[in-house]
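Single-structure report; data block below.
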Amino acid sequence: MAIAESAELFQVEHARPREQRRWLRVLLGKKLAMCALAYLAVFYLAGIFAPLVATHDPTKTEISVEARLAGSSSEHWFGTDRLGRDIYSRVVYAARTTIIFTFAVLITGGVFLGLGLGLLAGYRGGWIDTAIMRVGEILAGLPTLIMMLAITAAFRTHINNLSFDLADATWLSVDEARTLVKFVIIVGATVPFAWVGSARIVRSQALAIRELPYVTAAEAAGASTPRILARHIFPGVLPLFVVGLSAGMAGIAGAEVGLSFLGLGIDPPTSSFGNLISEGAGARFFEQFPHVLIFSSLPVIFFFFAWNLLGDALVDILEPRANQR
Amino acid sequence: MGPGLTGYLIRRVLWAVPVLFIISVAVFWIVRAAPGDPVDSILGRDFYSEEQAEQLRDKYGYSDPLPVQYWKWLKNFSQGDLGISTRHRDFTANEIILPKMRISATLGIIALVITFGLGIPVGIYAALARGTILDPLMISTWLMIDAIPYFVMIPVIQWLLAIKLGLIGLGYEGLTSPNIIVPILLLSLPAVAGVARIMRASILSVIDEDYVRTARSKGLRESTVIFTHVARNAMLPMITVIGLSLPGLAGGSLFVELFFGIPGIARESLDAVLAPDFDVILALTMISSILFVVANILIDIAYAIIDPRVRLGEARG
């Protein structure tokens, strides 16, 4: 689960903001990347509009034997699971889980910590830079898997207390509160390890840009630090930051799927690709009921694949020397 | 190795001490402050009297204040004593961890060799095929393999090879049994995409250098140019990739070990975290952090030896 670590291995050079149009043209010319983008659009639309796209209630169980583990049919497109729930509808809601989770990690770990701390470290330098980068170094040195498992396992024993407290304090029902608490736990377990890669990318870019004449000019003109960061540094950092995020997306989404598969993330009846796949993942079970594993895993496999292809295409476009041939 | 390198290395090693200290304090605090009574995992939940529990807490020092416990642990750890396992009674953490780590590391090293053995040629080939359909096709095929989670791929492969074709057994029969080939391939093949991608980018970044043009214009054969002038220089970033994948070898691969019943260290990590088995978790975390720090220092040394242009202490933090 090397989250966003792979992104920083690409030593991509700083590209000039003026070239933004050109990237778009090159990206549009890449057929594979366009297919990936189209698939991601379908995935995100399905997840966001899950109640409209789903054909059944994803949590409605059937008692009769014939209704359980039934194969693909016109009634249940992806068949049904052990409890007779419609797999297609569960997949659609699992997409929603993936979207919510990755969005939460991107905002907190990516934008807030990765971009924010990276900009701060790169622009201010000095002890702030040292402190931020050393904390990142320590986090990068920890074994991610053990730490994520330890954090989730430790907090999961408190799920009941926390969700009752939350339900009392807010308008949420206990079940809703419990789902929310589980989301917070896995986001909290992922974020500490998800920001370091982006922060390093952003920092090295910010370091290079702050020496450029237009930044010096802005400083001389008396622009405030937030203004310089937002108006002058941020636009130059943005392309590589986006590339880093898109290359790391599959890893981030994969963290939730893996934890849920182990029963340490989102549990049924809430849909997650991890818990859907865990129902069908066994050699003997697959022999008898292949539809459970196939239909619940393919959508998320294509999701990972699409993000990897897109990240790859973006890296390719941003690597200026690779384009000269 | 010049005097600059020696001084730099001393600074790096000295810096590693506080880093490892902070990690150990943080992990010690997380693990000990986490809910879950170690006595539960020794005696079995709710099957003991309070006296027994007190006895055990005294015996293992769990009733001491946390700083005292930490000091004792640190003293033992620095002497190579990893502590006791609360999950496996009467076994020390050394006896639990080291044999399992050896199994995982053996598999990991074999897999690593295969990964780089395939990834580097694929990357070179894709770079040379740039502009043709072969380049994206090759890379994306490996990316597709990389996108399939282990817990989807393994049941299908087990069904195909073991149940349908009867080629392999499902259980673990030691590192010398032919059954082990499948887990090794599963450990190595998905990682090929990453290596190939970096190798490809690295080749493309040197292929237009002046010295390559010079080599061509001297009339050298294309294969000589590619292998001795391009590939050799493009291998430099590979040092980082290989170096950073070393600490992971001691961690094992959770899903491969779970599905194939391999008694490796990743499975032990999961069990230790769920138990919780304090000293084992601490030991695993510390070993892996130390390996990470060591790997980073080794990467710097390797760069300095291979590429004299690298001035240490400036380029990498």
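The values are calculated or read from the model by the stated rules, or taken from the named source; none is laboratory data. In this text, all values refer to a predicted model and were calculated from it rather than measured experimentally. Note: ideal-geometry Cβ built from the backbone for every residue, glycine included; neighbour counts use all protein chains shown. Just the protein is used for accessible areas: all its heavy atoms, side chains included, with ligands, DNA and RNA removed. Shrake-Rupley method; radii C 1.70, N 1.55, O 1.52, S 1.80 Å.
Those residues that are under 14 Å from the mean Cα position of the chain (by Cα) and more than 10 Å from chain B (Cβ to nearest Cβ), I need them from the stretch A:253-280; list them, please.
A:Ala253, A:Ala255, A:Glu256, A:Leu259, A:Ser272, listed by residue number.
Which residue pairs have Cβ atoms under 8 Å apart, sit 6 or more places apart or on different chains, and have a first residue in the stretch B:186-201 that is away from chain A (no Cβ under 11 Å) and a second that is open to solvent by 20 Å² or more (accessible area, probe 1.4 Å) and polar (S, T, N, Q)?
Once the first residue is away from chain A (no Cβ under 11 Å) and sits in the stretch B:186-201, its partners that are open to solvent by 20 Å² or more (accessible area, probe 1.4 Å) and polar (S, T, N, Q) give B:Leu187/B:Ser253.
Is it the case that the stretch B:159-171 has a residue that's among the aliphatic types (A, V, I, L, M), assigned to a helix (DSSP H, G or I) and modelled with pLDDT of 90 or more?
Of the stretch B:159-171, the ones among the aliphatic types (A, V, I, L, M) are B:160-163, B:165, B:167-168, B:170.
Pick out the ones that are also assigned to a helix (DSSP H, G or I) and you get B:160-163.
Then keep just the ones that are modelled with pLDDT of 90 or more; that gives B:160-161.
Looking through the stretch B:159-171, at least one residue is among the aliphatic types (A, V, I, L, M), assigned to a helix (DSSP H, G or I) and modelled with pLDDT of 90 or more.
Restricting attention to the stretch B:30-49, does a residue exist that is over 18 Å from B:His88 (Cα atoms), away from chain A (no Cβ under 14 Å) and modelled with pLDDT of 75 or more?
Yes; the residues of the stretch B:30-49 include at least one that is over 18 Å from B:His88 (Cα atoms), away from chain A (no Cβ under 14 Å) and modelled with pLDDT of 75 or more.
At least 2 residues that are within 28 Å of B:Ser245 (Cα to Cα) and modelled with pLDDT under 90 in each: list the helices (runs of 4 or more DSSP H) lying fully within the stretch A:121-194 that qualify. Before the answer, list the steps.
On the way: elements: A:126-141, A:144-156, A:159-169.
Qualifying helices (runs of 4 or more DSSP H): A:126-141, A:144-156.
Name every residue in the stretch B:120-158 that is of a type in the set (Ser, Thr, Tyr) and not in a loop (DSSP other than H, G, I, E, B), in order of residue number. Spell out how you get there, then give the answer.
Start the filter on the stretch B:120-158 by keeping residues that are of a type in the set (Ser, Thr, Tyr), which leaves B:125, B:132, B:140-141, B:150.
B:Tyr125, B:Ser140, B:Thr141, B:Tyr150, listed by residue number.
If A:Asp175 meets every condition in (1) within 27 Å of A:Val257 (Cβ to Cβ); (2) within 23 Å of the chain's Cα centre (by Cα) apart from one, which number is that one?
The one condition A:Asp175 does not meet is (2).
Okay, residues lined up against (1) closer than 30 Å to A:Leu180 by Cα; (2) modelled with pLDDT of 90 or more:
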site	(1), (2)
A:Val242	yes, no
A:Leu245	yes, no
A:Gly248	yes, no
A:Pro269	yes, no
A:Gly274	yes, yes
A:Phe285	no, yes
A:Pro299	yes, yes
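Taking into account only those residues within the stretch B:92-112 that are touching a residue at least 12 places away in the same chain (Cβ under 8 Å) and β-branched (Val, Ile, Thr), which is farthest from A:Lys30 (Cα to Cα)?
Looking at residues that are touching a residue at least 12 places away in the same chain (Cβ under 8 Å) and β-branched (Val, Ile, Thr), I get B:Ile96.
Sort out which residues of the stretch B:268-283 are in a helix (DSSP H, G or I) and either within 14 Å of B:Leu258 (Cα to Cα) or open to solvent by less than 20 Å² (accessible area, probe 1.4 Å) (or both), and write them in order of number. Don't jump to the end; show me each part of the working.
Taking the stretch B:268-283 first, the residues in a helix (DSSP H, G or I) are B:268-274, B:278-283.
B:Glu268, B:Ser269, B:Leu270, B:Asp271, B:Ala272, B:Val273, B:Phe278, B:Asp279, B:Val280, B:Ile281, B:Leu282, B:Ala283, listed by residue number.
A:Ala313 passes all but one of (1) in contact (Cβ under 8 Å) with a residue 40 or more places away in the chain; (2) farther than 24 Å from B:Leu258 by Cβ; (3) surrounded by fewer than 22 Cβ atoms within 10 Å (Cβ to Cβ); which number fails?
For A:Ala313, the failing item is (3).
Return the residue satisfying two criteria in turn: it lies in the stretch B:191-221 and is buried (at least 23 other Cβ atoms within 10 Å of the Cβ) and among the basic types (Lys, Arg), and of such residues it is nearest to B:Trp142 (Cα to Cα).
B:Arg197
Condition first: farther than 24 Å from B:Phe255 by Cβ, modelled with pLDDT of 85 or more and outside the structural domain of B:Leu175 (by TED's automatic domain parsing). Can you find one or more residues in the stretch B:56-68 that meet it?
Here is the first cut: in the stretch B:56-68, the ones farther than 24 Å from B:Phe255 by Cβ are B:56-68.
With modelled with pLDDT of 85 or more added as a condition, the list becomes B:67-68.
Remaining after also requiring outside the structural domain of B:Leu175 (by TED's automatic domain parsing): B:67-68.
Yes - at least one qualifying residue is present in the stretch B:56-68.
Within the set of pairs 6+ apart or on separate chains, which have a first residue in the stretch A:196-215 that is part of a helix (DSSP H, G or I), a second that is of a type in the set (Phe, Trp, Tyr), and C-beta atoms under 7 Å apart?
So the pair list comes out as A:Ser198/A:Phe241; A:Ile201/A:Phe241; A:Val202/A:Phe241; A:Ala206/A:Tyr123.
If I ask for residues that are assigned to a helix (DSSP H, G or I) and either open to solvent by less than 20 Å² (accessible area, probe 1.4 Å) or closer than 22 Å to A:Gly136 by Cα (or both), which ones from the stretch A:76-102 would you list? Write out each step before concluding.
First, pick out the residues of the stretch A:76-102 that are assigned to a helix (DSSP H, G or I): A:87-102.
The answer is A:Ile87, A:Ser89, A:Arg90, A:Val91, A:Val92, A:Ala94, A:Ala95, A:Thr97, A:Thr98, A:Phe101, A:Thr102.
Restricted to the stretch A:281-296, and to residues that are touching a residue at least 40 places away in the same chain (Cβ under 8 Å) and surrounded by 23 or more Cβ atoms within 10 Å (Cβ to Cβ), which residue is farthest from the other protein chains (Cβ to nearest Cβ)?
Applying the filter and picking the extreme gives A:Val292.
Identify, from the list A:Ile228, A:Ile301, the residue that is open to solvent by less than 10 Å² (accessible area, probe 1.4 Å), among the β-branched types (Val, Ile, Thr) and in contact with an Asp or Glu (Cβ under 9 Å, 6 or more places away or on another chain).
Just a single option satisfies the conditions, and that option is A:Ile228.
Working only within the stretch A:103-116, note down all residues that are farther than 14 Å from A:Leu238 by Cα and crowded, with 23+ Cβ neighbours inside 10 Å.
Result: A:Val105, A:Gly109.
Is it the case that some residue within the stretch B:206-218 is assigned to a helix (DSSP H, G or I), touching a residue at least 24 places away in the same chain (Cβ under 8 Å) and within 11 Å of chain A (Cβ to nearest Cβ)?
Of the residues in the stretch B:206-218, the ones assigned to a helix (DSSP H, G or I) are B:206, B:210-217.
Filter once more, keeping what is touching a residue at least 24 places away in the same chain (Cβ under 8 Å): B:206.
Cutting the leftovers down to within 11 Å of chain A (Cβ to nearest Cβ) gives us B:206.
The answer is yes, given that some residue of the stretch B:206-218 is assigned to a helix (DSSP H, G or I), touching a residue at least 24 places away in the same chain (Cβ under 8 Å) and within 11 Å of chain A (Cβ to nearest Cβ).
Which of (1) in contact (Cβ under 8 Å) with a residue 24 or more places away in the chain; (2) within 30 Å of A:Ala253 (Cβ to Cβ); (3) more than 8 Å from chain A (Cβ to nearest Cβ) is the odd one out, the single condition B:Ile124 does not satisfy?
Here B:Ile124 meets the rest and fails (2).
Being in contact (Cβ under 8 Å) with a residue 60 or more places away in the chain, at the interface with chain A (Cβ under 7 Å from one of its Cβ atoms) and within 30 Å of A:Asp316 (Cα to Cα) is the filter here, so list the residues in the stretch B:140-185 that pass it.
Passing the criteria: only B:Pro149.
From the list A:Leu45, A:Leu37, pick out the single residue that is open to solvent by 70 Å² or more (accessible area, probe 1.4 Å), under 26 Å from A:Ala306 (Cα atoms), without any contact (Cβ under 8 Å) to a residue 24 or more places away in the chain and of a type outside the set (Val, Ile, Thr). Full working, then the answer.
Values: A:Leu37 fails: without any contact (Cβ under 8 Å) to a residue 24 or more places away in the chain.
Checking each option against the conditions leaves just A:Leu45.
When A:Val215 is evaluated against the numbered criteria (1) open to solvent by 70 Å² or more (accessible area, probe 1.4 Å); (2) touching a His at 6+ places or on another chain (Cβ under 7 Å), which criterion, by number, is the only one it fails?
The number of the failed condition is (1).
Inspect the stretch B:230-249 for any residue being without any contact (Cβ under 8 Å) to a residue 24 or more places away in the chain and either assigned to a loop (DSSP other than H, G, I, E, B) or open to solvent by 40 Å² or more (accessible area, probe 1.4 Å) (or both) and give the result as yes or no. Quick ask: steps written out before the conclusion?
Of the stretch B:230-249, the ones without any contact (Cβ under 8 Å) to a residue 24 or more places away in the chain are B:232.
Now narrow it down to the ones that are either assigned to a loop (DSSP other than H, G, I, E, B) or open to solvent by 40 Å² or more (accessible area, probe 1.4 Å) (or both): B:232.
So far as the stretch B:230-249 goes, yes, one or more of its residues are without any contact (Cβ under 8 Å) to a residue 24 or more places away in the chain and either assigned to a loop (DSSP other than H, G, I, E, B) or open to solvent by 40 Å² or more (accessible area, probe 1.4 Å) (or both).
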